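> Here you go, one structure.
The values are calculated or read from the model by the stated rules, or taken from the named source; none is laboratory data. Everything numeric in this text was worked out from a predicted model, so none of it was measured. Reconstructed Cβ throughout: ideal geometry from the backbone, glycine too, with neighbour counts over all protein chains shown. The area values use the complete protein model at the heavy-atom level, side chains included, leaving out ligands, DNA and RNA. Shrake-Rupley method; radii C 1.70, N 1.55, O 1.52, S 1.80 Å.
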Amino acid sequence: MSLMEALHWRYAAKRMNGAEVPQATLDTILEAASLAPSSYGLQPYSVLVVQDPTLRERIRHAACNQPQVSECSHLLIFAIWTEVDGRHVDELIALTAAARGIDPEELEGYRQSLHAAVAGFTTPEARQQWAARQAYIALGTALTAAAAERVDASPMEGFDPPAMDALLGLEEQGLRSVVLLALGYRDTQQDRLAGQAKVRWPRERFVVEWSGA
Ligand SMILES: Cc1cc2nc3c(=O)[nH]c(=O)nc-3n(C[C@H](O)[C@H](O)[C@H](O)COP(=O)(O)O)c2cc1C
């Protein structure tokens, strides 16, 4: 299946049939998410994987009772890091030096500019908004990878983040939930959206050939 076929095949399944996504396939989707680009390469978020049915049932209550939460195979929770500071920068520099076999000293200028960047947010909210934007790039990458693997993936913002964070004890871990992704397989009998035509703005509305004001 080509990438375009996969993107036409995918849709945000509302009902899933409970079948399990194989671990190797899940790993591929998670690896794809980790390969998403991020600002400065800082990846200021974690992806929590929840498979336990009892926990997913409780999560469903904080997620507008959406059936995908309990009918999926695995629920991914994209959670931003509430703090991003110089320690993360130094870790990233060490990781970069090790991955590329270079002396961290060679990255000193870059390290200093990253320190300035993470210290430059005017408020914690601005920093967290920035982190959330990075998490959404990973979400999109996971959605595409899931389609390529013929796994249904349902993104969800329809949940109560403070309730979710309290339920999972995320604040204590320095995390804050921003978006969910249910992975599983569509229930074509119960999902009224299964097989329906895609609805997108026409190309001329979406793509603007800009030639100046
Ligand atoms: C960030 C985001 C949040 C979404 N939240 C929900 C949600 O909470 N519940 C839901 O049923 N669909 C949700 N959707 C699915 C969209 O409604 C769906 O992607 C859109 O209607 C386009 O349809 P398609 O993805 O099936 O092609 C969300 C999609 C995105 C990208």
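> Computing the accessible area with a 1.4 Å probe over protein heavy atoms, can you report the carbon and sulfur percentage for the stretch 1-61?
Carbon and sulfur atoms account for 55 percent of the accessible area of the stretch 1-61.
> Same structure again: Which net charge results when you count Lys and Arg as +1 and Asp and Glu as -1 among the other residues whose beta-carbon is under 15 Å from that of Leu42?
On the way: positive: Arg87, Arg111, Arg127, Arg133; negative: Glu83, Asp85, Asp90, Glu91.
Around Leu42, the charge tally is 0.
> For the chain, divide the Cα radius of gyration by the Kirkwood radius and give the resulting Rg/Rh value with two decimals. Present the calculation step by step, with values, prior to reporting the outcome.
Values: Rg = 19.4 Å, Rh = 19.0 Å.
Taking Rh as the inverse mean 1/r over Cα pairs, Rg/Rh reads 1.02.
> I'd like to compare 74-80, 106-112, 120-126: which one has the highest average count of other Cβ atoms within 10 Å, and what's the full order after that?
Averaged packing, sorted descending, gives the order 74-80, 106-112, 120-126.
> At 1.4 Å probe radius, can you tell me the per residue accessible area of the stretch 101-183 in Å²?
48 Å²
> So how tilted is helix 23-34 from the main axis of the chain? Cα-based, degrees 0 to 90, rounded to 10.
It is inclined by approximately 50 degrees.
> Roughly how many Å² is the accessible area per residue of the stretch 41-96, as a whole number, for a 1.4 Å probe?
With the other protein chains kept in place, the stretch 41-96 gives 42 Å² per residue.
> Okay, moving on. Leaving out ligands, DNA and RNA, and with a 1.4 Å probe, what % of the accessible surface on the stretch 115-208 is carbon or sulfur?
Carbon plus sulfur share of accessible area: 52 percent.
> For the chain, build the charge dipole from Cβ charges (+1 Lys, Arg; -1 Asp, Glu) around the Cα centre, then report which of Ala94, Ala32, Ala63 sits farthest towards its positive end.
Value: Ala63.
> Would you kindly find the accessible area of Met4, with a 1.4 Å probe and non-protein molecules such as ligands, DNA and RNA excluded, rounding to the nearest 10 Å²?
Per-residue accessible area (Met4): approximately 110 Å².
> So how do Ile102, Ile29 rank on accessible area, 1.4 Å probe, biggest first, that is with the largest at the start?
Accessible-area ranking of Ile102, Ile29, largest first: Ile102, Ile29.
> Out of every Cα-Cα pair in the stretch 28-149, what percent are more than 19 Å apart?
Everything past 19 Å amounts to 58 percent.
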